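Here's the structure, in C-alpha cells; my notes come after.
The values are calculated or read from the model by the stated rules, or taken from the named source; none is laboratory data. None of the values given here were measured: they were computed from a predicted structure. Reconstructed Cβ throughout: ideal geometry from the backbone, glycine too, with neighbour counts over all protein chains shown. To get the accessible areas, we keep the full protein, side chains included, count just its heavy atoms, and leave off ligands, DNA and RNA. Shrake-Rupley method; radii C 1.70, N 1.55, O 1.52, S 1.80 Å.
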Amino acid sequence: MAQLLEVENLRVGYTEGDREIAVVEDVSFTLAEGESLCIVGESGSGKSVTALAVLGLLPRPLEVIGGSIRLRGRELRGAPEKELRAIRGKDVAMVFQDPMSSLNPVRRVGDQIGRAILAHRPRTPRAQVRAQVEEILVRVGIAEPRERMRSYPHEWSGGMRQRAVIGMAMANDPAVLLADEPTTALDVTVQAQVVQVLADQRAATGAAMVMITHDLGLVAQIADRVAVMYAGRFVETGTVWDVFDDPRHPYTRGLLDSLLTAQNLGARAYAIPGSPPSVHGRPDGCPFAPRCGSPLRTDACAEGRPTLELLTPGHAAACTPLTAMVDA
Amino acid sequence: MTRFVGRRLLQALVTIFAVVLIAFVFGRLAGSPAAQLLPENATQEQRDALNAELGFDRPVIVQFGDYLGGLLRGDFQNSYRETGTSSMALVAERLPVSLHLGLVGLAFALVLAFGAVLIVQYTGSRILRSTVLSVGSVRASIPDFFFGLLLVLTLSVHLGWLPSLGNSAPLSVLMPALTIGTGQFVVYTRLLDNSMSLEGASDYVRTARARGEGRAFIVFREVLPNAILPVLTLAGINLGAFLGGLVLIENVFAWPGLGQLIVGSVYARDFPVVQSGMIVVAALFVAANLLVDLVQGVLDPRVRLA
C-alpha cells in the first residue's frame with residue numbers, strides 16, 4: 001500500500017550555545033491511508049513535539065534538526081511556509097489537548113469553524129460557509145447548530161468545544177488527522193462521547209490518524225498500531241496485539257503494569273521507580289537503563305543507544321539485551 | 001445592562017462629589033481670596049465686607065452646604081475675578097480647546113503605537129522591536145515640558161515651520177499634540193507589544209495556524225482583538241495622569257485650555273472656577289472609564305455576562 005505519511009529519523013531540538021539539544025531523536029513511522037497509529041508515553045517524552053513537527057508548528061526555539069517528513073512522497077521538512085500553510089488544515093489537520101484554550105475567546109464558534117473552510121477556499125460565499133458549518137456541527141453532534149454557531153466559546157462546555165475543534169479539523173476532509181491527547185482535559189463521562197465523534201468522523205472520511213495519548217484503554221480501542229515513546233525515542237512499536245499482549249520493552253511492561261484494572265483494584269498501584277531523564281541529562285546508553293528493573297539488564301545497557309530492532313515481523317523494540325537475544 | 005450603567009452612574013456621582021469636596025476644602029484652607037481681589041491698600045473693613053459678600057465669614061460646612069445646594073439647582077457660582085460670569089461658563093468656553101489638544105495628542109500616541117507594534121508583530125523583527133522601544137524610552141525619559149521647549153526652539157524659532165505659541169493657526173495644535181503623543185507612545189507600545197506577544201503564544205493561535213491561517217490573519221484578526229483588552233483598561237486609568245500632563249503642556253505652549261484656566265484660578269483663589277474645572281475633569285475621567293468598560297463589553301463577549 002502506498003504510504004501516506006512517512007517520518008524518517010526525525011530529530012527535533014534546539015541549540016544552546018554551540019550545543020545541540022535533542023528533544024526527539026530518531027523517530028520513524030509510516031502511516032497508510034485510513035490507518036491509525038497511537039503514540040503513548042508519559043508527559044515530556046516528545047509525543048506532542050513529534051506531531052507539531054509534522055505540521056511545521058514547533059514553538060520556538062524548537063526546530064527539526066534532522067530526518068525527513070514526507071506527505072505522499074513530498075518532503076515537508078524545510079518546505080516554504082506558504083506550502084505548509086496550504087497543507088495545514090487541508091491535508092493534515094490537528095486536534096489539540098485543551099478545548100478550553102484552543103478556541104479564540106472573542107470570536108464566535110461558528111466563525112472559527114468557518115475559517116477552516118475560508119482559509120483554504122477564500123472565495124466561498126458566506127451563505128455556503130454558514131451552511132457547511134451548520135452541517136459540520138450536526139455531524140459532531142451539536143444540537144440546534146444554527147443558534148449555537150453564534151455562541152462564543154465560553155458559552156460552550158468543554159465537550160462541546162472539543163466537538164467544535166474536531167469539526168474544524170475535519171472541515172476539509174483531511175487525509176491525516178493528528179490528535180494530541182484530545183480527551184485528556186475532558187470529564188471522564190464526556191471522553192467516551194468525544195472519542196466516538198472522532199471515530200465517526202474518521203469512519204466517514206477515511207482519514208488516517210496519529211493519536212497521542214496516555215490513556216492506554218483508548219489505545220486498545222482505536223489503534224491499529226502503537227508506538228511507545230520514552231525520552232524522545234520510540235522504544236517499542238507494533239500492532240495493538242503485539243504491544244499490549246506481548247510487551248517486550250521493560251518500559252512498556254512498566255507502563256502496562258501501572259494500569260489500574262479490575263484485577264488489581266485494591267492492591268497498591270504499580271509505579272515505575274525514578275523519573276525520566278531531562279533533555280539535558282539523557283544517559284549515553286539506553287535512556288531507560290537507570291530505571292530499568294528487568295532481569296535481562298546487563299552492563300551493556302549503559303553503553304551505546306539501543307535502536308529499534310525487529311523482534312518478530314512488525315514488532316520492534318529498542319532494548320540491547322532483547323536485540324542480543326534475537327541475534328543469537 | 002441597565003443595572004450596570006446605573007451602578008456606574010452612582011459611582012460617578014460619588015467620585016465627583018469627592019473631588020468637589022477636596023477642591024472646596026483645600027481651597028478654603030488656602031485662605032480667603034480678598035487679598036488677591038482687592039487692591040493692596042484696601043482697608044480691613046473693605047476686606048471684611050468682601051468676605052461677607054462671598055460668604056467667607058460663615059463656617060466652612062455651611063458654605064459647602066450652600067454650594068452643594070446651588071449645584072443641585074444648576075448654579076455653579078460666579079467667578080470672583082470675572083464678576084457676573086458663571087464659573088461653569090468660563091470652564092465650558094475652555095473645555096473644547098483642551099479636548100481638541102488632548103484628543104489629537106492621544107490620537108498621535110495611539111496611531112504611532114499601534115502602527116509600530118503591528119509592524120513589529122507582523123514582521124516578527126526583533127531588531128525593529130528593540131529600535132522602536134529604545135526610541136520610545138529615550139523620548140519618555142525627556143520630561144514633556146522640556147521636549148516641548150525643544151520642539152518650539154527647533155521647529156518654530158529656528159526653522160520657522162510651525163507657529164510657536166497659543167492657538168492662533170490650525171497647525172498650532174501640532175507641536176503640543178506631538179509632545180503628548182510621543183510622550184505616551186512608549187507606554188502604549190510596550191503594553192500592546194507585550195500583550196500581543198503573550199496572546200501570540202496561546203493555544204488558539206496554534207489552532208488557527210493548524211487550520212492553515214496566514215500571518216496577517218493571525219496578527220490582525222486572532223491576536224489583536226484579544227491583546228487590545230488590557231491596553232484599553234490602561235488607557236482609561238492613564239487618562240487621569242494624561243489630563244494632569246495636559247495642564248503642563250498647555251502652560252508650555254500657552255495653549256488657552258482648561259489647564260491654564262485652572263492653574264490661573266488657583267493662583268487667584270478664584271474658587272468657583274477651580275471647583276467647576278475639577279467637576280468637569282472628574283466627569284471626563286469617569287465618562288472615559290465608563291466608555292472603556294462599554295467598549296470592553298463590545299470587544300470581549302466574556303465581559304458582557306459579568
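With just the Cα atoms defining each centre, how far is the stretch A:147-172 from the stretch A:73-117? Give it in Å.
Answer, in whole Å: 14.
Given 0.36 nm per residue, what is the gain on full extension from B:T123 to B:L294 after removing their alpha carbon distance, in nm?
That works out to 58.3 nm of additional length.
What accessible area per residue, rounded to a whole number of Å², is obtained for chain B using a probe radius of 1.4 Å?
On the way: 15540 Å² over 306 residues.
Counting only protein heavy atoms, the per-residue value for chain B is 51 Å².
In percent, what relative contact order does the stretch A:28-79 have, based on Cα pairs under 8 Å that are 6 or more apart in sequence?
Values: 21 pairs, mean separation 10.1, N = 52.
After rounding, I find 19 percent.
Name all residues of the stretch B:240-276 having a backbone nitrogen under 19 Å from the label point set 7 Å from the Cα of B:S168 along its Cα→Cβ direction, giving them as ranges.
Under cut-off, by backbone N: B:250-257.
Report the accessible area of B:L29, computed with a 1.4 Å probe over the heavy atoms of all protein chains in place, in Å² rounded to the nearest 10.
About 130 Å², ignoring ligands and nucleic acids.
List the residues of the stretch B:261-306 whose accessible area drops by at least 50 Å² when all protein chains are present, compared with their chain alone, using a 1.4 Å probe and counting only protein heavy atoms.
Residues of the stretch B:261-306 that lose at least 50 Å² of accessible area once the other chains are added: B:P301, B:R302.
Go ahead and estimate [θ] at 222 nm for chain A from helices alone: -39,500 (n - 2.57) per DSSP H run with n ≥ 4, summed, over the residue count, rounded to 500.
Values: 11 runs with 104 residues, N = 328.
The helix-only estimate for chain A comes to -9000 deg cm²/dmol at 222 nm.
With every protein chain left in place, what is the accessible area per residue of the stretch A:252-328 in square angstrom, probe 1.4 Å? The partial results should precede the final answer.
On the way: 4720 Å² over 77 residues.
Using a 1.4 Å probe on heavy atoms only, each residue of the stretch A:252-328 averages 61 Å².
Starting from the Cα-Cα distance between B:R215 and B:L9, subtract it from 0.36 nm times their residue separation and give me the gain in nm to one decimal.
Details: separation 206, 0.36 × 206 = 74.16 nm, distance 4.22 nm.
Stretched fully, the B:R215-B:L9 segment lengthens by 69.9 nm.
Suppose every K and R has +1 on its Cβ and every D and E has -1 on its Cβ; what is the size of the dipole of the stretch B:63-196 about the Cα centre, in Debye to the nearest 20? Please list the in-between numbers first.
Values: 7 positive and 6 negative charges, 97 e Å.
Using only the charged Cβ atoms, the result is roughly 460 debye.
Any idea what the relative contact order of the stretch A:175-255 is, in percent, if you count C-alpha pairs under 8 Å spaced at least 6 apart? Each step should come with its number before you reach the end.
Details: 73 pairs, mean separation 19.7, N = 81.
Contact order relative to length: 24 percent.
Please grab the % of Cα pairs in the stretch A:252-328 that end up more than 18 Å from each other. If you can, show how the numbers build up before the last one.
Details: 1491 of 2926 pairs.
I get 51 percent for the Cα pairs in the stretch A:252-328 exceeding 18 Å.
Give the average, rounded to an integer, of partner chain Cβ atoms located within 10 angstrom of each Cβ in A:94-101.
Values: counts 5, 2, 5, 1, 1, 2, 1, 5.
If you average over the peptide's residues, the count of other-chain Cβ atoms is 3.
I'd like to compare B:216-226, B:273-283, A:243-253, A:159-169: which one has the highest average count of other Cβ atoms within 10 Å, and what's the full order after that?
Numbers: B:216-226: 18.1, B:273-283: 23.0, A:243-253: 21.0, A:159-169: 25.8.
Highest mean packing first, the order is A:159-169, B:273-283, A:243-253, B:216-226.
Give the residues of the stretch A:93-107 whose amide nitrogen is closer than 19 Å to a point set 7 Å from the Cα of B:R302 in the direction of its Cβ.
Those under the cut-off are A:96-107.
Can you say what percent of the DSSP beta bridges in the protein assembly as shown, counting only those with both residues inside, are antiparallel? Round to 5. Can you show the working numbers first?
Working: 31 of 50 bridges.
Beta bridges within the protein assembly as shown, antiparallel portion: roughly 60 percent.
Please give the length that would be gained between A:E303 and A:Q3 if that part of the chain were fully extended, namely 0.36 nm times their separation in residues minus their C-alpha to C-alpha distance (nm, one decimal). Can you show the working numbers first?
On the way: separation 300, 0.36 × 300 = 108.00 nm, distance 3.47 nm.
Taking A:E303 through A:Q3 to full extension adds about 104.5 nm, to one decimal.
With a 1.4 Å probe on protein heavy atoms only, work out how much accessible surface A and B bury together, total over both chains, in Å² to the nearest 100. Don't skip to the answer; put the middle values down first.
Details: alone 15850 and 16690 Å², together 30320 Å².
For chain A against chain B, roughly 2200 Å² becomes buried.
Hey, got the Cα dimensions of the stretch A:178-328 along the principal axes, in Å, largest first?
49, 37, 34
Given the C-alpha centroids of the stretch A:12-44 and the stretch A:191-255, what is the distance between them in whole angstrom?
Rounded to whole Å, the Cα centres lie 16 Å apart.
Pop out a list of residues from the stretch B:163-211 that are at least 50 Å² less accessible with all the protein chains around than in their chain alone; 1.4 Å probe, no ligands or nucleic acids counted.
Correct list: B:D203, B:Y204, B:R206, B:T207, B:R209, B:A210, B:R211.
Loop only by DSSP, 16 or fewer other Cβ within 10 Å of the Cβ. Give me the trypsin sites (Lys or Arg not before Pro) in the stretch B:18-100 that pass, ordered by residue number. Please list the in-between numbers first.
Values: sites: B:R28, B:R47, B:R73, B:R81, B:R94; in loops: B:R73, B:R81.
Counting only loop positions with at most 16 other Cβ atoms within 10 Å, the trypsin sites (Lys or Arg not before Pro) in the stretch B:18-100 are B:R73.
How far is it, in nm, from the label point at A:A269 to the one at B:T83 when both lie 7 Å from their Cα along the line to the Cβ?
Each label point is offset 7 Å from its Cα along the Cβ direction, giving 8.9 nm.
Over chain A, what is the relative contact order in whole percent, taking alpha-carbon pairs under 8 Å and six or more residues apart? Before the final figure, lay out each step's value.
Working: 599 pairs, mean separation 62.4, N = 328.
Here the relative contact order equals 19 percent.
7 Å from Cα along Cα→Cβ at both B:S141 and B:V111: what's the point-to-point distance in nm?
Modelled inter-label distance: 2.9 nm.
Residues of the stretch A:55-87 with accessible area at least 30 Å² lower in the all-protein-chain context than alone (1.4 Å probe)?
A:L57, A:R60, A:R85
Ignoring any ligand, DNA or RNA, what whole percent of the accessible area of the protein assembly as shown comes from carbon and sulfur when the probe is 1.4 angstrom? If you can, show how the numbers build up before the last one.
Details: 18140 of 30320 Å².
On the protein assembly as shown, the fraction of accessible area on carbon and sulfur atoms equals 60 percent.
Rounded to the nearest 500 deg cm²/dmol, what is the calculated helix-only ellipticity per residue at 222 nm for chain B, with -39500 (n - 2.57) per DSSP H run of length n ≥ 4? Numbers along the way, then the final one.
On the way: 13 runs with 225 residues, N = 306.
About -24500 deg cm²/dmol.
For the pair A:S278 and A:S157, what calculated FRET efficiency results from E = 1/(1 + (r/R0)^6), where r is the Cβ-Cβ distance and R0 = 56 Å, to the nearest 0.05?
Values: r = 37 Å, r/R0 = 0.65.
So the FRET efficiency works out to roughly 0.95.
Given a Förster distance of 41 Å, report the FRET efficiency between A:E16 and A:E83 from their Cβ-Cβ distance, rounded to the nearest 0.05.
Values: r = 30 Å, r/R0 = 0.72.
Efficiency at R0 = 41 Å is approximately 0.85.
Could you run the Karplus curve 6.51 cos²θ - 1.76 cosθ + 1.60 with θ = phi - 60° over the stretch A:301-318 and give me ³J(HN,Hα) per residue in whole Hz, x for Gly and Pro?
4, 7, 10, x, 5, x, 10, 4, 10, 5, 9, 9, x, x, 10, 10, 9, 9
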